[in-house]
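These notes are about the structure you will find just below.
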Amino acid sequence: MKLFLRLIALVLSLSGAHAGAEEKWLYLENDHVRLGVNLGAGACIGWFSATGSSENLLNAYDVGRYVQQSYYGDEDGSDWNGKPWRYNPVQGGSWKNAPAEVVETKSDKTSLYAKTKPHHWATGAFTPECVMEEWLRLDGGLARLKFKMTYTGEKEHKARHQELPALFVTPRLDTLVFVNAEKQLTRMQPGFPNEYLRVGEPWCAWVDAGDNGLGLFMPHTTQATCYRVRNGNKGDCSYLAPIQTFALKPGLVFEYEVVLTLGSLEQMQAVFAKLK
């Protein structure tokens, strides 16, 4: 079973309505950008736009698509919609939309701290041995995101690819731009299912036909996976996830930071150059 089957299958299972938990949005905003988190979905990020714009560049079709923490362990006999699944604590909640529990928040106009007790994606059970924290901060036209996961379980799982984090954007942004391992500026429109890539600089950007869009600075890895879905319905999306391979094991504390920005490709490249 492929690592990202959950996300792929979510894209394909579009026939039914999603009966989500009650939404409770909190927005951070400055003169440049607006970032929205849904406290009803584990304080996951589901909105990013220019200030004053009504267009959300993210895709929050269901709780599996928020910008959030999600980790993979061993097969555990669980079942997701008729499919054998594995240990998978997810910040936003379960595939049946059982909401994760936000146990602590602290926020002001441009920053947020949240601590969340996630759900097992397949079973919907709380996973108390896994606690997720996030620190979100607006900095001019940037959204600086710091994530932390503490695992206190007794089981040591096998090493898995981990999405750090998964990023789903509006399908209007259909071209992925990055600098490849040979230091060449590269454009691609990935297909489906996943394609894998290595980057020579720590960023990727999804852009539209006019070279405007959303960029992700990802200094913690040189590997990523991506795809696009184009079925002509609400499930359409463009997807990217920086990845690392590691195991959930007793005492593990894992932290990483990424940055979101938006604008023209030229503007985003200038931002990334300063962030290196």
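Results for (1) more than 27 Å from Glu133 (Cβ to Cβ); (2) under 15 Å from the mean Cα position of the chain (by Cα), shown as yes or no for each residue.
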| position | (1), (2) |
| --- | --- |
| His220 | no, yes |
| Thr245 | no, no |
| Leu248 | no, no |
| Val259 | no, yes |
| Ser264 | yes, no |
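Tell me which residues, restricted to the range 42-85, are small (Gly, Ala, Ser), in contact (Cβ under 8 Å) with a residue 24 or more places away in the chain, in a loop (DSSP other than H, G, I, E, B) and more than 14 Å from His120 (Cβ to Cβ). So that I can check it myself, show each step before the final result.
Narrowing the range 42-85 to residues small (Gly, Ala, Ser): 42-43, 46, 49-50, 52-54, 60, 64, 70, 73, 77-78, 82.
The next check asks that each one be in contact (Cβ under 8 Å) with a residue 24 or more places away in the chain; those that pass are 42-43, 49-50, 60, 64, 70, 73, 78.
Then keep just the ones that are in a loop (DSSP other than H, G, I, E, B); that gives 42-43, 60, 64, 73.
Selection gives Ala43, Ala60.
Go through the range 107-173 and tell me which strands (runs of 3 or more DSSP E), entirely inside it, have 1 or more residues that are surrounded by fewer than 19 Cβ atoms within 10 Å (Cβ to Cβ) and touching a residue at least 24 places away in the same chain (Cβ under 8 Å). Give the derivation first.
Values: elements: 111-117, 130-139, 142-151, 160-163, 167-169.
Where strands (runs of 3 or more DSSP E) fall fully within the range 107-173 and carry at least 1 residues being surrounded by fewer than 19 Cβ atoms within 10 Å (Cβ to Cβ) and touching a residue at least 24 places away in the same chain (Cβ under 8 Å), they are 111-117, 130-139, 142-151, 160-163.
Looking at Val259, Val271, Val199, Val179 in this structure, which one is surrounded by fewer than 22 Cβ atoms within 10 Å (Cβ to Cβ), within 25 Å of Phe147 (Cβ to Cβ), in contact (Cβ under 8 Å) with a residue 12 or more places away in the chain and in contact with a helix residue (DSSP H, G or I) (Cβ under 8 Å, 6 or more places away or on another chain)? Reasoning before the result, please.
Working: Val271 fails: in contact with a helix residue (DSSP H, G or I) (Cβ under 8 Å, 6 or more places away or on another chain); Val199 fails: in contact with a helix residue (DSSP H, G or I) (Cβ under 8 Å, 6 or more places away or on another chain); Val179 fails: in contact with a helix residue (DSSP H, G or I) (Cβ under 8 Å, 6 or more places away or on another chain).
One residue alone meets the criteria, Val259.
Out of all the residues in the range 219-234, which are out of contact with any Gly (no Cβ under 9 Å at 6 or more places or on another chain) and surrounded by 21 or more Cβ atoms within 10 Å (Cβ to Cβ)? It would help to see each step written out before you state the result.
Initially, the range 219-234 is screened for residues out of contact with any Gly (no Cβ under 9 Å at 6 or more places or on another chain), giving 219-221, 223-226, 230-234.
Ala224, Thr225, Cys226 - these are the residues of the range 219-234 that are out of contact with any Gly (no Cβ under 9 Å at 6 or more places or on another chain) and surrounded by 21 or more Cβ atoms within 10 Å (Cβ to Cβ).
Determine whether Glu104 is touching a Lys or Arg at 6+ places or on another chain (Cβ under 6 Å), in a loop (DSSP other than H, G, I, E, B) and not hydroxyl-bearing (Ser, Thr, Tyr).
no
Looking only at the range 178-224, count every residue that is hydroxyl-bearing (Ser, Thr, Tyr) and part of a loop (DSSP other than H, G, I, E, B) and tell me the total.
2
Of all residues in the range 235-256, which are assigned to a loop (DSSP other than H, G, I, E, B) and buried (at least 20 other Cβ atoms within 10 Å of the Cβ)? Let's see the steps before the verdict.
First, the residues of the range 235-256 that are assigned to a loop (DSSP other than H, G, I, E, B): 235-236, 247-252.
The answer is Leu248, and nothing else.
I'd like to know if the range 27-41 contains one or more residues that are touching a residue at least 24 places away in the same chain (Cβ under 8 Å), more than 14 Å from Ala166 (Cα to Cα), touching a Cys at 6+ places or on another chain (Cβ under 9 Å) and buried (at least 23 other Cβ atoms within 10 Å of the Cβ).
Narrowing the range 27-41 to residues touching a residue at least 24 places away in the same chain (Cβ under 8 Å): 28-30, 32-33, 35, 37-41.
The next check asks that each one be more than 14 Å from Ala166 (Cα to Cα); those that pass are 28-30, 32-33, 35, 37-41.
This time we only want the ones that are touching a Cys at 6+ places or on another chain (Cβ under 9 Å), so: 37-38.
If we keep only those that are buried (at least 23 other Cβ atoms within 10 Å of the Cβ) too, we end up with 37-38.
Yes, the range 27-41 contains at least one residue that is touching a residue at least 24 places away in the same chain (Cβ under 8 Å), more than 14 Å from Ala166 (Cα to Cα), touching a Cys at 6+ places or on another chain (Cβ under 9 Å) and buried (at least 23 other Cβ atoms within 10 Å of the Cβ).
Before we move on, is Asn56 modelled with pLDDT of 95 or more and touching a Lys or Arg at 6+ places or on another chain (Cβ under 7 Å)?
On the way: modelled with pLDDT of 95 or more: yes; touching a Lys or Arg at 6+ places or on another chain (Cβ under 7 Å): no.
Criteria not met by Asn56.
Give the residues of the range 225-234 that are in contact (Cβ under 8 Å) with a residue 12 or more places away in the chain, assigned to a loop (DSSP other than H, G, I, E, B) and out of contact with any Leu (no Cβ under 8 Å at 6 or more places or on another chain), sorted by residue number.
Initial filter on the range 225-234 (in contact (Cβ under 8 Å) with a residue 12 or more places away in the chain): 225-231, 233-234.
Add one more test, that the residue is assigned to a loop (DSSP other than H, G, I, E, B), and what stays is 230-231, 233-234.
Answer for the range 225-234, where residues must be in contact (Cβ under 8 Å) with a residue 12 or more places away in the chain, assigned to a loop (DSSP other than H, G, I, E, B) and out of contact with any Leu (no Cβ under 8 Å at 6 or more places or on another chain): just Arg230.
Residues to consider are Pro202, Pro190, Pro250; find the one that is at pLDDT 95 or above and touching a Cys at 6+ places or on another chain (Cβ under 6 Å). It would help to see each step written out before you state the result.
Details: Pro202 fails: touching a Cys at 6+ places or on another chain (Cβ under 6 Å); Pro250 fails: touching a Cys at 6+ places or on another chain (Cβ under 6 Å).
None of the other options fit; the residue is Pro190.
The values are calculated or read from the model by the stated rules, or taken from the named source; none is laboratory data. Quick caveat, the model's predicted, so the values are computed rather than measured. Positions of Cβ are generated from backbone atoms using ideal geometry, with glycine treated the same way; all protein chains shown enter the neighbour counts.
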